[in-house]
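In what follows, a structure is listed as structure tokens, so that the remarks can point back to it.
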Amino acid sequence: MLSYIIWNANPEIISHPLSIRWYGMMFAIGFLIGYEIESRIYKHEGASERWLGILLLWTMAGTIIGARLGHVFFYEWDYYSANPGEIIKVWNGGLASHGGTIGVILGVLFYSLFTTKRSPLWAFDRLVIPIALVGAMIRFGNLMNSEIYGGPTDLPWGMWFVRSREWHTLYEGIACHPTQIYESLCYLALFGLLMWMYWKKNMEDRPGLIFGVFLVGIFLPRFFIEFIKNDQVAFEADMVLNMGQLLSIPFVLLGIGLIIYAMSRPKQKLSFPNRFADDDSGKKTGKR
């Protein structure tokens, strides 16, 4: 009886006439579902419907640009500094979730400054709920690409990633941790927790709390799972903590700080007209 799983999934959904890959599909579906969840939240609070489209643009731009530049600066600066023309070739791979997070944070700051005119915490507390689900779907895309897996394991769910050249080079005949699944399950659990916090416990009345829980819930599991993941780049081999762990620490600390901040302040009284605003005048936007 096999004590491992042979993973031979095709990363392409279709290959002709166009190549459509699971990773890109999960990314796109995640954004569509995320938009619907965010739309329901905005409708619940009577926030301007116009804001949603603007938020989507800032979020998509921040995610893609930030994730790409994060990979460039954090992982392969030596290569890209010598080949700057390669930076824009996102289709060749190379995205870093920490960079994507920084990009989204910057996007939300600009969104709050120029569009909502509210505290950025208002936008963060609502946006991170669907982002947790998107993160889970992206990790599923990584699984379909047979990438970002872990080191050897004798656990019964260990996998042979037979489509991965790296696996054949390093682990031929050895089962490895499917760390994509570990992370995806963590993010799904976090998504459920954040939905419960917002819809059942009204914890959005403590600005920064949901955002803080999100940061801890995303980056603390990431920190520990990194111990069993393969190094992304060669220079990490001699590091006690790899780059992903070092980049996770500030986000975890920020999340803890936000939770303490939110719980130490009085609740805000919120009103929920449960409809989209007709305009931005404040009459139907649920401003508070």
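The values are calculated or read from the model by the stated rules, or taken from the named source; none is laboratory data. Worth saying up front: this structure is predicted, and the values here are computed from it rather than measured. Using ideal geometry, Cβ is built from the backbone for each residue, glycine included, and neighbour counts are taken over all protein chains shown. Each accessible area value is taken on the protein alone, full model and side chains, heavy atoms only, with ligands, DNA and RNA left out. Shrake-Rupley method; radii C 1.70, N 1.55, O 1.52, S 1.80 Å.
Some observations on this one:
- Estimated from helices alone, the mean residue ellipticity of the chain at 222 nm is -19000 deg cm²/dmol (sum of -39500 (n - 2.57) over DSSP H runs with n ≥ 4, per residue).
- Mean projected area of the Cα convex hull of the stretch 7-117, taken over all directions, amounts to 9.7 nm².
- Separation in nanometres of the label points that stand 7 Å from Cα toward Cβ, at Leu18 and Thr115: 2.5 nm
- Shape summary of the chain, radius of gyration then Dmax from alpha carbon positions: 20.4, 67 Å.
- Relative contact order computed over the chain (Cα-Cα under 8 Å; 6+ residues apart), in percent: 25 percent
- 15 Å beta-carbon shell around Val90, net charge (K/R +1, D/E -1): +1
- Stretch gain in nm, segment Met195-Leu170, where the contour uses 0.36 nm per residue and the Cα spacing is subtracted: 5.0 nm
- Solvent-accessible area of the stretch 115-178 (1.4 angstrom probe, protein heavy atoms only): carbon and sulfur portion equals 63 percent.
- Ile249-Lys89 pseudo-label distance in nm [points 7 Å out on the Cα-to-Cβ vector]: 3.5 nm
- The stretch 87-138 - accessible surface per residue (Å², probe 1.4 Å): 39 Å²
- Evaluated with a Cβ-only charge set (Lys, Arg +1; Asp, Glu -1), the chain carries a dipole of roughly 1540 debye about its Cα centre, given to the nearest 20.
- Considering only the chain, percent of DSSP beta bridges that pair antiparallel, nearest 5: 55 percent
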